[in-house]
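Before any comments, here is the structure.
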Amino acid sequence: MADPTPLLCQSNTSSDTEPPPSSPNKQHLPSLGSTIEKVIGDFNWTQFLQALLVSSAWVFDAQQTFITVFTDAHPPWHCTQQQDAGAAESCSTSNNMCTLEKTSWAWDRPTSSSIISEWGLECASPVMTGLPASLFFMGCLVGGLVLATLADTSLGRKNMLFFSCLMMSLSSLLASFSSNIWIYSSLKFLSGFGRATIGTSSLVLASELVGKKRRAQISVCGFFLFTIGFLSLPAMAYINRNSSWRNLYLWTSIPTILYCILVKLFVQESPRWLLVRGKKEEALASLKIITSITQSNLNLAINSIFPQQEEENLNVDLFSALNILLRKKWSCTRLLAVMSMGFGIGLVYYGMPLGLGNLSFNLYLSVTFNAVSELPSSMVVFFMIDKLRRRIALLAFTVISGVFSVMSVMEFLSSEVQIGFELISFFSACTSFNIYLIYTTELFPTCVRNSALSMARLAVVFGGVFSPLLVGTGGGGGSGVVCYGVFGLAIGCSGVFGVFLPETRGRAMSDTMDEEENKYKSASDFNVLA
């Protein structure tokens, strides 16, 4: 009889049924995780190219996340010459075009350069002009809830990445043909809905295609590519500054569609996920491409843990992975701690750039400096992640970010010192965010990893939803102190939740809930969680 090694996340043990005695030769069968680490083998070029192609999704993710900074911007304007002396004086002394006659001013650029000028929204309420960006992030929240478990259950990592990128790119392409703000905002919601799982699917799939030796560095590649995508937007926007805002959507959505084709044709599904789902033959086919181990050795290794195992068609509902996560006390505690950290990190990560207008430094330079500061943050994580203890690093960087966030709005400081402190705070927040994502992938087993990471990112986005509200409150001279003070307290306290989590540096990934639970049963930190 075949050894009943559990493929599902949940345990099938029963309190009133004695387990059948196992023969001595079955007591020493290797675990699923150790078998996969063995058959994946040494890091090779195929694994690198696969992980690089998967991580490239972050480029397009960043572009669609920040594209409204340029397409929905309020264009510059100037007073016209064809007006009487009184009107000219009134125009030159006014900063609000809505108080002037329509004929007394004109746009510096073509009206098609922004949705504001094309659709006559210059005097619309901030709620109206901010509606597309707000609905984009609302779509991210809804998509994170609805799609969170599909990559762990029915679709898998590769298909989830493919469909997410395709939905985001097609809705962005259609957005370029919008005739009014209502259609445009609806398509932004769809774009955010699709975008919600791109980062999680990409990060999880890239990390599961390689062994633990290079897992952390491969994960950081996505952070580099996200920054590259963010920095590519100003260049494209500058080239198209005198053209229609629709061109920017075409320039970003069409390459994303081409990328979807590459993913469908060349990316391999995670062998870890395939094995957990009981798809042994598909897992062998995937491993044959990404590893240098011979086919015969692959069969021997897989059959050692799945002797005579047939492919299973598992009946699971949409939220089965979340049900499994919340069913066990230790995994539920981990998820709550991770999401608590994510809320504080997200509040600062998304909110700090929005609050730069409250500082006395030049706004355009400060935004550029904040974007560039993500590069050294990614480099620090890339070179130091193997040496950093996850809990200590998260606590240190969140506290540093909190302290310098509060210090950045001290009124007796010069503007140069203020922006210096703000950059240190934002750099620390970015570093915390990068470590946070890697740490989350290591905390949960394969069968629920994507769902857990989706919920973690959902907490980050949820923190980002409150950031504009916090920055907008006050609206006066003290608003900077209020928002940056709350930012500092929120992220400074978020790292404390890492105390309730186990350390994961240098350990192999688990694949089932039972394997993860057994790994920490005898450890002292597991007793705290249980």
Subset of region 46-62 [under 30 Å from Ser134 (Cβ atoms) and either modelled with pLDDT under 90 or among the charged types (D, E, K, R) (or both)]: Asp61, Ala62
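When the residues of region 480-530 are filtered to those that are of a type in the set (Phe, Trp, Tyr) and surrounded by fewer than 20 Cβ atoms within 10 Å (Cβ to Cβ), which remaining residue is modelled with the lowest pLDDT? Break it down into steps so the answer makes sense when it comes.
Residues of region 480-530 of a type in the set (Phe, Trp, Tyr): 484, 487, 497, 500, 520, 526.
If we keep only those that are surrounded by fewer than 20 Cβ atoms within 10 Å (Cβ to Cβ) as well, we get 500, 520, 526.
Details: Phe500: 83, Tyr520: 65, Phe526: 44.
The extreme case among them is Phe526.
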Members of region 224-256 that are of a type in the set (Val, Ile, Thr) and within 10 Å of Phe60 (Cα to Cα): Ile228, Thr252, Thr256
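Looking only at residues that are farther than 12 Å from Val338 by Cα and not small (Gly, Ala, Ser) in region 425-434, which one is surrounded by the fewest Cβ atoms within 10 Å (Cβ to Cβ)?
Step one: list which residues in region 425-434 are farther than 12 Å from Val338 by Cα, which gives 425-432, 434.
Subset that is not small (Gly, Ala, Ser): 426-427, 430-431, 434.
Values: Phe426: 27, Phe427: 22, Cys430: 27, Thr431: 28, Asn434: 24.
Of everything passing the filter in region 425-434, Phe427 is surrounded by the fewest Cβ atoms within 10 Å (Cβ to Cβ).
The values are calculated or read from the model by the stated rules, or taken from the named source; none is laboratory data. Note that the coordinates shown come from a computational prediction; the quantities given were computed from them, not determined experimentally. Ideal geometry is used to build each Cβ from the backbone, glycine not excepted, and the neighbour counts take in all protein chains shown.
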